[in-house]
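The values are calculated or read from the model by the stated rules, or taken from the named source; none is laboratory data. Here the structure is a predicted model, which is why all the values come from computation and not from measurement. Glycine gets a Cβ as well: all are built from the backbone with ideal geometry, and neighbour counts include every protein chain shown.
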Amino acid sequence: MVSFSKLVDGQRGTKLLLDTDGHLYSRRADRETLVTSYWRCQKYRSQKCSAAVTLLKEYLTLITNQKPHSHLPGTLVAEKLEFRQSLKRKASDQHLSATQNLLTEALSGCSSDLNVELPKLESLARVVQRSRAVSSGSANHSEASLAAEFVLPPTCTTTLREENFVLFDGVTEEGSRIIVFSTKQNLEVLEQNPNWIADGTFYVCPRIFQQSYSIHAVIDGKCIPLSLQKRINKSFKVRYRTDKAFARASRLVAFLAFVPLASIEDAFEALSVHIAGTFPELLAVVNYFENSYLGQATPEGQRTSPKFPVQFWNHYSTIMVDPDYPRTSNLVEGFHRGFKTRVNRARPTVQEYFRAIREQQVTTDFHLDRLAVGLTPSKKRRTSNWDLFAICTGFEDHSSTLEYLFAIAEFFGHTLTA
Ligand SMILES: [Zn+2]
């Protein structure tokens, strides 16, 4: 004889009926009367189960339709549902916590019996992400397949303290979608601080965007005011993640910044030969770099003036003079590491990515508010600049300029072995 156990929370605010055997039923609103409600087995579709019960509301008594269940009852049904609900509540209440932290917190209260019954961690993580998407209003924005089609969720257009956050959202002449995030205060700080660091990275970026690009003002070494994205060459990005030699090759031109001025031409030539022989598909990057940063080669063996003169981007002499000079990568690589923990993975969905950007702005606001009243960020830790200094000092000791570039690449994390 089956009896009523309790009503439990189901999806989207609905109630489910649990009987004492551990079967769940969902309500059929169209069969509701003043004194009874009609519930059919939750597995009526998935298991073609035709069991159903009528609940006498006043007495909380069940009358079954006499059809047996076509399946076994679940175990710890109520506990599992309650766990799910509490996970969802945590996800929408504490939307700044990383998924992993929320899971740990929720799981810490589970019995071993319940642990056995719960779905895999990945599924639980999806529960968290979904309910966060619902509470942030971005759930209805399904993942677009192209950056151009992507519609920015309304919640992403302001910061968490409701300031305007989108500086630009449009398409370039070449058809690349670009979204620029910044606040008014961010821009003011950029204006007041002449030392900027700009950094593009493949590390953390939603699938449909090519690049996530950030501009940082150097104020005793902190700040991340702008973030900007472009559209994509997908195959390059996939390869960048999976092929270490390719990843290193694609960034070699950037490491020319650490070659002594007098050896730039040699180094560029060695690098071009290396790339032509190993990854000719990257020659476009090399050519672009040459034209913009070195100058176009003329038939007379000269170069035209580049858009960005060598003195502007070459750091070699600065490092030799002052190894602790706040150089681009140290500060920014740390930011990317932090950002990566925020989104939990290198290839977040667009929603996760934008959420992380908004959350990042919370930290930025914190620093900027304090800066405004004269509180500076904490003193910089000893940087690894001295390691870089050691490599730069040994420029002459390397067997070739290419080997030297590889050493610099290794310093920046491009090792070919795992
Ligand atoms: Zn059933």
Problem - Options Leu7, Leu62; residue that is of a type in the set (A, V, I, L, M) and either under 26 Å from Val127 (Cβ atoms) or within 39 Å of the chain's Cα centre (by Cα) (or both) - result: Leu7
Practice task
Pairs only if they're at least six apart or on different chains, beta carbon under 7 angstrom, first in the stretch 44-58 and of a type in the set (Lys, Arg), second near the ligand (Cβ under 10 Å from one of its atoms); list them, first residue then second.
Solution key: Lys48/Ser70
Practice task
Take Arg161 and decide whether it is of a type outside the set (Val, Ile, Thr), out of contact with any strand residue (DSSP E or B) (no Cβ under 9 Å at 6 or more places or on another chain) and at pLDDT 80 or above.
Solution key: yes
Practice task
Return a yes/no flag: does the stretch 7-16 have any residue that is of a type in the set (D, E, K, R) and surrounded by 18 or more Cβ atoms within 10 Å (Cβ to Cβ).
Solution key: no
Completion exercise
Considering the stretch 266-289, residues that are aromatic (Phe, Trp, Tyr) and part of a helix (DSSP H, G or I), and then whichever is farthest from Phe395 (Cα to Cα), we arrive at Tyr288
Practice task
State whether one or more residues within the stretch 37-54 are away from the ligand (no atom under 16 Å from the Cβ), farther than 30 Å from Gly109 by Cβ and modelled with pLDDT of 90 or more.
Solution key: yes
Practice task
May I ask you to say which residue of Arg89, Arg84 is closer than 20 Å to Ser131 by Cα, surrounded by fewer than 16 Cβ atoms within 10 Å (Cβ to Cβ) and of a type outside the set (Ser, Thr, Tyr)?
Solution key: Arg89
Fill in the blank from the handout: Among Arg12, Arg27, Arg31, Arg84, the single one that is outside the structural domain of Val362 (by TED's automatic domain parsing), over 44 Å from the mean Cα position of the chain (by Cα) and charged (D, E, K, R) is Arg31
Problem - Filter result (part of a loop (DSSP other than H, G, I, E, B) and within 16 Å of the ligand (Cβ to nearest atom)) within the stretch 7-17 - result: Gly10
Problem - Failed item, numbered, when Thr393 is tested on (1) under 22 Å from Ser214 (Cα atoms); (2) at pLDDT 80 or above - result: (1)
Practice task
For Leu146, state whether it is modelled with pLDDT under 75 and among the hydrophobic types (A, V, I, L, M, F, W, C).
Solution key: yes
Exercise for the section: Restrict the check to the stretch 60-70 and report whether at least one residue is away from the ligand (no atom under 13 Å from the Cβ) and β-branched (Val, Ile, Thr). Expected result: yes
Exercise for the section: Just give me the residues in the stretch 395-418 being assigned to a loop (DSSP other than H, G, I, E, B) and within 25 Å of the chain's Cα centre (by Cα), in sequence order. Expected result: Phe412, Gly413, His414, Thr415, Leu416, Ala418
